[in-house]
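Report on the structure given below.
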Amino acid sequence: MTVSRGDVAATGVRVSDRGPGPASIWLVRHGESIGNVADARAHADGAGRLELDVRDPDVPLSDTGRGQAEALGRHLASLPDDERPTAVISSPFTRALSTAQLSTAGLDLRVRVDERLRERDFGAFDGMTGAGIREQFPDEARRRDLLGKFYYRPPGGESWADVALRIRSLLATEALRHDGHRLLVVAHQAVVMVFRYVLEELTEQELLDEDRREQVANTSLTRYDADADGTLHLTSFNVVDHLVAESEDVTEEPDAAPGP
């Protein structure tokens, strides 16, 4: 999906009559991980739990995910100097950090990590499928149905609303640090969608409608550009042209344990 850029110019040079903040923000979901592959296999087999022997922060990219990240890197390196990202921040989780490093290897940029970009914490449901949750935690499954996806918090975990608090905090502190920059942010599926909720001031229902309508693909690009007063506007969402151009697989498996 692509949205017209209109007359926005993301030059990376601070415009004197606008408020402080990035000239643009590019959101990237990490490349396909072995966790995504295990999740797809578990759902296909009707299993209640993923076959993974590493903790969630350490889940690496699959071979396909590395290829996706490298394809994104070649795309970014091919852009004119005044269009390339000028700063990068990433989730510290291995699959996101590896994606950030591979995709910016040709840009001579330091990748900073920020734990506020980490994956949503699934708590007791970490590594489980919806079928497994309904079987082992039927009361929680009913509670989730009552509260809805946005506000439901798994035992020991986070809701999407909790993630929104993290993103609001990050935007408040990083606006000054990256004033005038074209900021590349590498994170996770739910984080990308919650960025949309915050930046576009969506309602709960609007966010959930968007989430149902289109899954965020691995290494897809979602872009916001600032207008003259510094307000960020969505100019493209979930773009995978760089993958199609290099015949890389386009994958969009949801992250593990999406909920009952």
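Only the coordinates and a few stated rules stand behind these numbers; no lab work does. Model, not experiment: these values are computed from the prediction. No Cβ is skipped: glycine too gets one built from the backbone with ideal geometry, and neighbour counts run over all protein chains shown.
Charges only on Cβ, +1 for Lys and Arg, -1 for Asp and Glu: so what's the dipole of the chain about the Cα centre, in debye to the nearest 20?
On the way: 30 positive and 46 negative charges, 102 e Å.
Taking the Cα centre of the chain as origin, the dipole is about 500 debye.
Could you calculate the FRET efficiency of R66 with A124 from 1/(1 + (r/R0)^6), where r is the beta carbon distance between them and R0 is 25 Å, rounded to 0.05?
Details: r = 31 Å, r/R0 = 1.24.
Taking R0 as 25 Å, the efficiency between R66 and A124 is 0.20.
Toward the positive end of the charge dipole of segment 24-245, about the Cα centre and with charges on Cβ (Lys, Arg +1; Asp, Glu -1), which of A47, L221, Y151 goes farthest?
It is A47.
Suppose R0 equals 30 Å. What FRET efficiency, 1/(1 + (r/R0)^6) with r the Cβ-Cβ distance, do L202 and S247 give to the nearest 0.05?
Values: r = 34 Å, r/R0 = 1.14.
Given R0 = 30 Å and the Cβ-Cβ separation, E is 0.30.
Grab the Cα-Cα distance for Y151 and R213, subtract it from 0.36 nm times how many residues apart they are, and report the gain in nm with one decimal. Spell out each step's value before the answer.
Working: separation 62, 0.36 × 62 = 22.32 nm, distance 1.94 nm.
So the chain would gain 20.4 nm between Y151 and R213.
For E135, project a label point 7 Å along Cα to C-beta. Then give me every residue of segment 33-58 with its amide nitrogen under 16 Å of that point.
39-52
Would you work out which of S236, L176, G127 lies farthest towards the positive end of the dipole of segment 24-245, given +1 charges on the beta-carbon of Lys and Arg and -1 on that of Asp and Glu, about the Cα centre?
The listed residue farthest towards the positive side: G127.
By counting other Cβ atoms within 10 Å of each Cβ, how are D225, D209, D162 ranked from fewest to most?
On the way: D225 22, D209 11, D162 14.
Exposure proxy ranking, most exposed first: D209, D162, D225.
First measure r as the distance between the Cβ atoms of R142 and H43, then evaluate 1/(1 + (r/R0)^6) with R0 = 25 Å and state the FRET efficiency to the nearest 0.05. Mind showing how you got there, number by number?
On the way: r = 21 Å, r/R0 = 0.85.
Efficiency for this residue pair is about 0.75.
With the crude spin-label approximation of a point 7 Å out along Cα→Cβ, what separation in nm comes out for T231 versus E83?
Rounded to a tenth, the inter-label distance reads 2.7 nm.
Quick check: the angle from helix 160-177's long axis to the longest principal axis of the chain, C-alpha only, nearest 10 degrees?
Around 20 degrees separate the two axes.
Roughly what angle does helix 94-103 make with the longest principal axis of the chain, taking Cα atoms, 0 to 90 degrees, to the nearest 10?
30 degrees
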